[in-house]
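Enquirer: Below are the C-alpha cells for one structure; questions will follow.
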Amino acid sequence: MLRILTLLIALITLVSCGGDGATQVVTPSGVLAPTVITSGAPFESVLLKKRPDRFLVSKSCPPYLNYGLPSLEPVLLCRTAFAIGHSSKARIPLWVIERLSLSSLFGGVERSDNFRADPDLPMGQRAELSDYVGSGYDRGHMAPAGDMTWSNQAMTESFYLSNIAPQDSTLNRGAWVKLEEMIRTWVTERTELYVFTGPLLAVNDKLIGLSPVQVPYAFYKVIFDPQRSEAVAYVYPNAAPTRTDTTSYLVPLAQLELTADLGFLSTR
C-alpha cells in the first residue's frame, strides 16, 4: 500500500514537476527531492550512522544528542527536558530533541500557558509574543507541554518561543495532539524513546510579525527506540488535516532527511 507524502500536498507554491513527471518538493537547501513513499510497519529497523568528526566539537547536551545531531548551523539551546537547534533567521526551532521515559510521564505539574520570548536569545534573533498577535496561527509546541509534567522548569522552558512555531490551529489542536498522545502511549510500551520534532521550510514561506517569523509548510516527527534500534517518521502539512488516521502521514526516514536537509539518527 502506498503512503502519500502528499503531506507536501496542498503546498502548491512549493511543489514542482521534474522532467520525468515525478512530483518533487523544494527543500530549504534548494534541492528537489522526490516525494516517493513506500509501505512499511509503524516502526522499522534502522542502522545508526557514525557522526562526522566535524559534528563532535563543541556540541554537547546530554542525553538529548546521544543518538542524533541533525545539523550544526543552528544555535544550540540545552534545556532541562530537550535540546533545540534554533534558527536566528527563521526565528523558530529547526529541530527539537526529547528523551522520553516512564519517569518523564504522569507528573503532577500543570500546563502553564506562560508563553514568552526566550531570554537566552538576543532581540532580532528570536520570536516575540507580538509576532503571533493577529497572525491567524497558533503558537505550536515542538516539544509538547504534555511531556513536561515531571518538572516545573521543563514546563516553563517549553513555553519559550524558541520551542514554538506558527501552526495551523486545526492541526495544532487536533491531529498533532493525537500524535503526541500516541507517542506517550508508545513510551509505556517501549520504556524509552527519543523524539525529533521540527518544521519543513522553503524559501517562499509566509512570514508573520515584525521580527519576522517564518511559517513552516509542514512539520515532522521522528521517533527512535534505542533499545530495539527502530524508528518511525511522520510529516503533517501545516494546514487542516484531510485525514484522521496517523498512518496517512507516515514517511520513509531517508526521504524525510532529504526533504528537510537534515541527518537525524547518528552515534558519536
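Since every read-out is calculated from the coordinates, none of them should be taken as a lab result. Quick caveat: nothing in here was measured; it's all calculated off a predicted structure. Cβ: placed from backbone, ideal geometry, glycine included. Neighbour counts: every protein chain shown.
Enquirer: Mind jotting down a quarter of the surface of the convex hull over the alpha carbons of region 152-268, in square nanometres, one decimal?
Expert: Quarter of the Cα hull surface area: 9.1 nm².
Enquirer: Here's something else I'd like to know. At what distance in nm do the modelled label points of Leu105 and Glu181 sit from each other, each positioned 7 Å from its Cα along Cα→Cβ?
Expert: Once both label points are built, they end up 1.4 nm from each other.
Enquirer: Which residues does a label at Thr246 reach in region 199-230, if reach means a backbone N under 15 Å from a point 7 Å past the Cα toward the Cβ?
Expert: Backbone N within reach: 220-225.
Enquirer: Let me ask something additional. Quick check: Cα centre of region 202-249 to Cα centre of region 91-126, how many Å?
Expert: So the two Cα centres are separated by 17 Å.
Enquirer: Please grab the % of Cα pairs in region 41-267 that end up more than 26 Å from each other.
Expert: 31 percent
Enquirer: Hey, what's the Cα Rg ratio for region 49-158 versus the globular rule of thumb, 2.2 N^0.38 Å?
Expert: For region 49-158, the normalised Cα radius of gyration comes out at 1.14.
Enquirer: Another question about this same structure. When the Karplus curve 6.51 cos²θ - 1.76 cosθ + 1.60 is applied with θ = phi - 60°, which whole-Hz ³J(HN,Hα) does each residue of region 246-255 get, with x for Gly and Pro?
Expert: For region 246-255, the Karplus curve yields 5, 5, 5, 10, 5, 9, x, 4, 4, 5 Hz.
Enquirer: Under a crude label model (7 Å from the Cα following the beta-carbon direction), how far is Ser169 from Asn114 in nanometres?
Expert: The modelled label-to-label distance comes out at 2.6 nm.
Enquirer: Under a point-charge model restricted to the Cβ atoms of Lys and Arg (+1) and Asp and Glu (-1), what is the dipole moment magnitude of region 41-267 relative to its Cα centre, in debye to the nearest 20?
Expert: Computed charge dipole of region 41-267: roughly 280 debye.
Enquirer: Can you run phi through the Karplus equation (6.51, -1.76, 1.60; θ = phi - 60°) for region 173-187 and list ³J(HN,Hα) in whole Hz, with x for Gly and Pro?
Expert: Per-residue couplings from phi come out as 9, x, 4, 5, 4, 4, 5, 4, 5, 5, 5, 5, 5, 4, 4 Hz.
Enquirer: Let me ask something additional. When the gyration tensor of region 100-187 is built from Cα positions, what are the square roots of 5 times its three eigenvalues, in whole Å, from largest to smallest?
Expert: 23, 17, 10
Enquirer: Moving to a separate point now. What are the GluC sites (Glu not before Pro) within region 61-154 that DSSP puts in a loop, where the Cβ has at most 16 other Cβ atoms within 10 Å?
Expert: Taking region 61-154 and a limit of 16 other Cβ atoms within 10 Å, the loop GluC sites (Glu not before Pro) found are Glu110.
Enquirer: Which length gain, in nm to one decimal place, applies between Thr80 and Asp53 when the Cα-Cα distance is subtracted from 0.36 nm times their residue separation?
Expert: Length difference between fully extended and current span is 7.1 nm.
Enquirer: Please arrange Tyr160, Tyr137 by counting, for each residue, the other beta carbons lying within 10 Å of its beta carbon, fewest first.
Expert: Ascending number of Cβ neighbours within 10 Å: Tyr137, Tyr160.
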